[in-house]
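These notes are about the structure you will find just below.
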Amino acid sequence: MKILFLDQSGKPGGAELCLIDIAKPYQKNCLVGLFADGSFKDLLEKHDIPVEVLTNQAIQVKKESSLSQGLASMTQLAPLIAKVVKISRNYDLIYANTQKALVVAAIASFFSRRPLVFHLHDILSAEHFSKTNRTISVNLANRASLVIVNSQASKKAFIEAGGKAELVEIVYNGFEPQKYINNRIEINQVRKQLELEDKFIVGHFSRLAPWKGQHILIEALAKCPPEVTVILVGDALFGEQDYVKQLHQQIDSLQLQNRVKFLGFRNDIPLLMAACNLVAHTSTSPEPFGRVIVEAMLSGTPVVAAASGGAVELVESGVNGFLSTPGNPQELTEIIETCLSDKQKTDAIAQKAKDSASQRFHVANINQQIALLLQQLAVNSEQRTANS
Ligand code: UDP
Ligand code: GLC
């Protein structure tokens, strides 16, 4: 089966990292079309996945855009749509991996008569998207032959926003457990390089954005014993520079400059996670899935996650991790202190998490689920052609 994948981003967010794993089995028979140049393209090339940047013109629609702004951007999209229509004639189906990709893919699939698959990585709720954006996404997604969602939480929000339930299949993100095996020597080296050998390191691995809640962790840190330190791994991928400034101000005013390190965007996540004593996920709005939660489990590091959205499908508190009320730094402090004081219990929880996550989220199982769904789609589409 030949697949044209489309993704709007030039930068590797979670949806893009997930797409690398999905496209990999089709690398001889696919193209990933991007709507922006950047390091995501380099990553795809590194994995030998064919990639082409289809436009260099920024698409102006934002998550909170109004209808008039949305319509204005449609005229800007015309050349890109024409290009996708032409390219898609050489493929069996179009797979849209992001919302803006869906807009282009839905129109192109109408003209090139190729089935459309939409992979929804977002929770389509008012907390994340304007009403206009939700309406456009749901109406276009309802024209797809299949909507793959990354969690029950994303499915629920999609249906509540008017999405057709019968189109939806839940497929969690897949991971290669072998990538998360590190040796003690390397782990100790990293702790030494960070000059945090004797500290209790709490790692936060997300892009710097207000809803990812790094400020909640900083607030919690202020009440923790002095040996607790925080590393913030990730960058402001989508222009959230004001939030970065705000984080630095918060750290200064709480006099935590010596206990927080900003490491920027890194490509050695498994090793860094293994070097942490605890990974904290602190999103203040519901997390659609939360790759970092599963990655922490695979690294064998205990994880505390904000109890909302997809995170509650991944973590059972006290069994394979800890859950904390979103936006509640006090509770987070208490959990950090528990992990600090009861290492034996926490290690046992982390081991259990590693074992179960290695099975439940194994990329081979996840890719098989997707392959079956796409094969079924191809059969249905052939039958329709034969009957028409
Ligand atoms: N990540 C990374 N380098 C960083 C910070 C994060 O590669 O410096 C990765 C992280 O390991 C995870 C992804 O970015 O795989 C973020 O995905 P997640 O689902 O947690 O959140 P998203 O940003 O997609 O909302
Ligand atoms: C999105 C979501 C994140 C999810 C990722 C992969 O970026 O924000 O929660 O883990 O997609 O599905």
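No lab work stands behind these numbers, since they all come straight from the coordinates. These figures come from a predicted structure and were not determined experimentally. Neighbour counts run over all protein chains shown; Cβ positions are idealised from the backbone, glycine included.
Return the aspartates and glutamates within reach of Lys100: Cα separation strictly under 19 angstrom, same-chain partners fewer than 8 residues apart disregarded; answer none if there are no such residues. Here the aspartates and glutamates satisfying the reach criterion relative to Lys100 are Asp7, Glu16, Asp37, Glu52, Glu64, Asp122, Glu127. As a calculated quantity, the FRET efficiency between Ser39 and Trp211 at R0 = 30 Å, using C-beta atoms, amounts to about 0.85.
Pairs of Cα atoms in segment 323-388 fall into 5 Å distance bins, from 0 up to the last occupied one, in shares of 3, 13, 11, 11, 11, 10, 8, 8, 7, 6, 5, 4, 2, 0 percent.
When Cys18, Cys276 are arranged by Cβ crowding within 10 Å, least crowded first, meaning fewest neighbours, the order is Cys18, Cys276. Working note: Cα atoms of segment 166-213, range along each principal axis, descending, whole Å: 53, 32, 14. Each of the peptides 332-338, 281-287 was scored by the mean count of other Cβ atoms within 10 Å over its residues; in descending order, highest first, they stand as 281-287, 332-338. Each Lys and Arg contributes +1 and each Asp and Glu -1, all at the Cβ; summed about the Cα centre of segment 112-167, the dipole is approximately 260 debye.
With a Förster radius of 41 Å applied to the beta-carbon distance between Asp198 and Asn56, the computed FRET efficiency rounds to 0.25. By the count of other C-beta atoms within 10 Å, a proxy for reagent exposure, Lys41, Lys164, Lys28 are ordered fewest to most as Lys28, Lys164, Lys41. Between the amide H of Ile170 and those of Val149, distances stay under 5 Å, these residues lying 5 or more places away or on another chain, with hydrogens modeled in the peptide plane. Considering only Gly162, Gly33, Gly309, the Gaussian network model of the chain with Cα springs below 10 Å gives its largest mean-square fluctuation to Gly162.
Inter-part distance, segment 216-286 to segment 343-359, computed on C-alpha centroids, equals 24 Å. Apply the Debye scattering formula to segment 35-185, with a single equal point scatterer on each alpha-carbon and no solvent, then give log10 I(q)/I(0) at q = 0.19, 0.20 Å⁻¹. So the normalised log intensities work out to -1.29, -1.38.
The label point for Leu373 and the one for Gln330, both projected 7 Å from the Cα toward the Cβ, are 4.1 nm apart. For the peptides 96-107, 81-92, the ranking by mean Cβ contacts within 10 Å, running from highest to lowest, is 96-107, 81-92. Scoring 178-186, 6-14 by mean Cβ neighbours within 10 Å over their residues and listing the highest first yields 6-14, 178-186. Within segment 191-267, the GluC sites (Glu not before Pro) that combine a DSSP coil assignment with at most 14 other C-beta atoms in a 10 angstrom radius are Glu195, Glu197, Glu227. A Cα-only calculation for the chain places Rg and Dmax at 21.4, 72 Å. Evaluate the relative contact order of the chain (contact order divided by residue number), counting alpha-carbon pairs under 8 angstrom at least 6 apart; express in whole percent. 13 percent. What residues from segment 280-304 fall in the zone where the backbone N is under 19 Å from a label point 7 Å along the Cα-to-C-beta line of Arg360? Correct set: 280-283, 286-304. Taking the Cα centre of the chain as origin and assigning +1 to Lys and Arg Cβ atoms and -1 to Asp and Glu Cβ atoms, the resulting dipole is close to 1120 debye. Put in line by how crowded their Cβ is, counting other Cβ atoms within 10 Å and starting with the fewest, Met273, Met74 read Met74, Met273. For Lys156, a cut-off of 20 angstrom between C-alpha atoms picks up these lysines, skipping any fewer than 8 places away in its own chain: Lys63, Lys131, Lys164.
Think of it as helices only: each DSSP H run of n ≥ 4 in the chain is worth -39500 (n - 2.57), and spread over all residues that comes to -14500 deg cm²/dmol at 222 nm. Considering all different alpha carbon pairs of segment 191-333, the Kirkwood hydrodynamic radius works out to 14.9 Å.
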